[in-house]
Structure formats: structure tokens, C-alpha cells
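This report refers to the structure that appears directly beneath it.
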Amino acid sequence: MKRILTGLQPSGELTLGSLIGSISQMVKYQDEYDSFIFVPDMHAITIKQDPKLLKERIRKNVALYLACGVDPSKNTIYIQSENLYHANLSWVLECNTYMGEASRMTQYKDKAKKQVNATVGLFTYPILMASDIILYDADYVPVGIDQKQHVELARDIAERFNKTYGDTFKIPSPMIPEVGAKIMDLQEPTKKMSKSADSYKGIILLLDDEKTIRKKIMGAVTDSEGKVYYDACNKPGISNLLTIYSSLKNIKINEAEEYFKDYNYGNLKKEVADVVVEKLLDIQTKYNELINGSELDKILDRGREVTNRIAKEKVEEVFSKVGLGRY
Ligand code: TYM
């Protein structure tokens, strides 16, 4: 059985973009693939975090994965920092990655610009991500379009390692959703909806209440043409609303266009808000049942055990091939 693997940083509150770009794909494919989903908490500390908040968000992420439909009987669910092999492998991979290729990562360039003192961790982060992926021989990595370059780096590093030391890693491919690979900020529809944005006005959080969700969608920036159709360049706001609707309804963009063709913008927004509210309130009901229960710990204990076993074997193989220690 082929394996899929993904993770969502607990560096901020999960958004509608996180759900559509990543978690929904895991839910969609969990019957077909051996599925791994984790919390990349070590990634989160590449930017300063409040330790107490970070701990809370790790747990929140796991509860949200489950509330969104990730089935713990079909997925291995774990926390990155509870498996020391991720960082161990990452070091070996860093020693097999060129400064030039790491410097080309556009997300690093964007994030570094926003920091007064960007950390070395922020720079090497895509290599840790490569380690997260190839440590488990993942075949596919369900991600939004913004992570495609990182998965491609993981491919390059894995290929180089295999060439130098012999066949060791599977070569992973990104799995990008056909609709919803980049959900945009409702206030600035040419920018990605991001959990680390400065203002939450254009961002729908998975745990926003109904009134807030409706207010944000009704206030979405659109255009002055007054006609509903998809054109991401000239009508980014309307196109984003159509994308959100299509993703949540699991239909094609042109089907949504056809459905809304005689709508005015106000009515379009109202119906998009209805669909988002229905989806998120259902998630929130499940989330509230899970967040304080003991089920999460049992699931995470199992994930820690399974992944440590797999990772130990892989890292010992790598260390042996590279010539480290007495492996
Ligand atoms: P992160 O935490 O920024 O985002 C988590 C996932 O959600 C997707 N996503 C979106 N998709 C569509 N539209 C949006 N507005 C949107 N916002 C977020 C992202 O593409 C991503 O798939 N480096 C990763 C976390 C990571 C990881 C991994 C992922 C660490 N190790 C190994 C996969 C495999 C990140 O920062 O994603």
C-alpha cells in the first residue's frame, strides 16, 4: 500500500486554507493509502513562540485533525518532537544539501524579510521537512501549492542521497488538490490565507464562531463588475469565494459558476457563508468533544510508538551507510 504523509504547523490557529489545502485531502484518501499525519512542532519554533500557547496548539491541531474527519484507525497520528529521529536525519540531510538550493526556497525569503533577526532554523527548515517525509518513505505528500517547492527539495535530496550511498529513500511527490490549492485572504485576495497573517479579518479560523465567519465572508473584498464567474487574475475575490464553495461542496469550479451565474455578490456571499458555517460548526462540535478527553493521548502514544520504530530502523540504515558510529 502506498503511503501519504502530511503535517500542519502549530505556529498559529488552523484556517479554512489548512482544511481545504491539506486536511481534506488526508480525509479523502485515508481509505486508499497508508496515512501518516503529524504535528510539526519543531518547525513552529523557527519563529519565536510562546511555549504555553505552542503546547496548547499542538493538542488543538490533533483534535482538529480528528474533528475534520481524520480517522485514527486509518492514520498514524504523532508529534514531531516526540520522535528524535526527525532531527537526527535532518542533520545528515543538511550535510547533503547545497547552500544554493536551500537559498532558493521562496518561503524562506518571504519569511526572513519579515523577521528582524531571521534564525538559522528558518533557513534549514525545508531540510527538516524533507527529513519528516523521507524518514517514512512517503509516496505522496498532500499539501497546498505553497509547499510544493519544499516537497521538490525533498525529492532532490532523496535522489542525491540514493545516488551517493545506494538506494535508501523513496522519492516523494507532492499531492496538490485540483481545487483549493491556494485559498486566498478574504481581504487581500491576491495573498494566501495564512495563519501567521497580521490581521485575522480576511482569515477564517476553523474555530471561529458563526457570527464571525459570516461577518468575514460578507465583508470579503470583491470587484465592481457585478457578475459571478471565475477569473483568478481579474476577479480574485469572487474566484476565491467560488473556490471555497466548490471545495467544500466537492464540485468542480465550472459547476459552481453555473449555479451562481444569476446571483448578485451579496447572495453569493450569503450562500458561501452558509456552506462554511455548516462545515465548521460540525467540526467544532466534534472538536469540543475531543479536546479535553483522554482519547487524544492514547492516539498520540500509539503514533509515537509506531513512528519511533520505523524511524529508528531508517536512521540506523542511514548512519551505517554514511559511516557514522557503530551501526
Ligand atoms: P503549514 O503549516 O504552513 O500549512 C499546512 C498545510 O496547509 C496548506 N495550506 C493551504 N492550502 C491552501 N490554501 C491555503 N491558504 C493554505 N494555507 C495552508 C499548506 O500548503 C500545508 O499543506 N512546512 C509545512 C509543514 C510541514 C510538512 C512537513 C508538510 C512540516 N513537515 C512534511 C508536509 C510534510 C508548513 O509549514 O505547512
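Looking only at residues in region 130-144 that are part of a loop (DSSP other than H, G, I, E, B) and of a type outside the set (G, A, S), which one is nearest to the ligand (Cβ to nearest atom)? Checked region 130-144; the qualifying residue nearest to the ligand (Cβ to nearest atom) is V143. With the condition kept exactly as written, say whether any residue in region 19-37 is farther than 24 Å from G180 by Cβ, outside the structural domain of V277 (by TED's automatic domain parsing) and surrounded by 21 or more Cβ atoms within 10 Å (Cβ to Cβ). No; the residues of region 19-37 include none that is farther than 24 Å from G180 by Cβ, outside the structural domain of V277 (by TED's automatic domain parsing) and surrounded by 21 or more Cβ atoms within 10 Å (Cβ to Cβ). Please indicate, with yes or no, whether at least one residue in region 243-257 is modelled with pLDDT of 95 or more, among the acidic types (D, E) and crowded, with 16+ Cβ neighbours inside 10 Å. Yes, there is a match, as at least one residue in region 243-257 is modelled with pLDDT of 95 or more, among the acidic types (D, E) and crowded, with 16+ Cβ neighbours inside 10 Å. Looking at G180, G202, just one residue is of a type outside the set (D, E), surrounded by 19 or more Cβ atoms within 10 Å (Cβ to Cβ) and within 15 Å of the chain's Cα centre (by Cα), and that residue is G180.
Among the residues making up region 295-321, those that are under 18 Å from S90 (Cβ atoms) and either loosely packed, with under 14 Cβ neighbours inside 10 Å or free of Cβ contacts under 8 Å to residues at least 40 places away in the same chain (or both) are E313, E316, S320.
Taken together, V151, V116 contain a single residue that is within 12 Å of the ligand (Cβ to nearest atom) and not hydroxyl-bearing (S, T, Y), which is V151.
Annotation: of all residues in region 183-199 being of a type outside the set (G, A, S) and surrounded by fewer than 16 Cβ atoms within 10 Å (Cβ to Cβ), the one that is farthest from N240 (Cα to Cα) is D198. L93 meets the conditions (1) within 12 Å of the ligand (Cβ to nearest atom); (2) assigned to a helix (DSSP H, G or I); (3) surrounded by 23 or more Cβ atoms within 10 Å (Cβ to Cβ) in every case but one. The failed one is (1). Scanning region 217-242 for residues that are in contact with a Phe, Trp or Tyr (Cβ under 8 Å, 6 or more places away or on another chain) and assigned to a helix (DSSP H, G or I) turns up I238, S239, L242. Of all residues in region 64-104, those satisfying the criterion of being of a type in the set (G, A, S) and either at negative phi or without any contact (Cβ under 8 Å) to a residue 12 or more places away in the chain (or both) are A67, S73, S81, A87, S90, G100, A102, S103.
With respect to the conditions (1) among the hydroxyl-bearing types (S, T, Y); (2) crowded, with 17+ Cβ neighbours inside 10 Å; (3) under 27 Å from T285 (Cβ atoms), T212 lacks only one, and its number is (2). All of (1) surrounded by fewer than 16 Cβ atoms within 10 Å (Cβ to Cβ); (2) among the β-branched types (V, I, T); (3) within 24 Å of L64 (Cα to Cα) hold for T164 with one exception: (3). Might you let me know whether region 37-55 holds any residue that is over 30 Å from V116 (Cα atoms) and aromatic (F, W, Y)? No - not one qualifying residue is present in region 37-55. Name the residues in region 65-97 that are among the small types (G, A, S) and in contact with a helix residue (DSSP H, G or I) (Cβ under 8 Å, 6 or more places away or on another chain), would you? Correct list: A67, G69, S81, A87, S90.
The values are calculated or read from the model by the stated rules, or taken from the named source; none is laboratory data. Just so it is clear, the model here is predicted, and its values are computed rather than measured. Note that we place each Cβ from the backbone using ideal geometry, even for glycine, and neighbour counts take in every protein chain shown.
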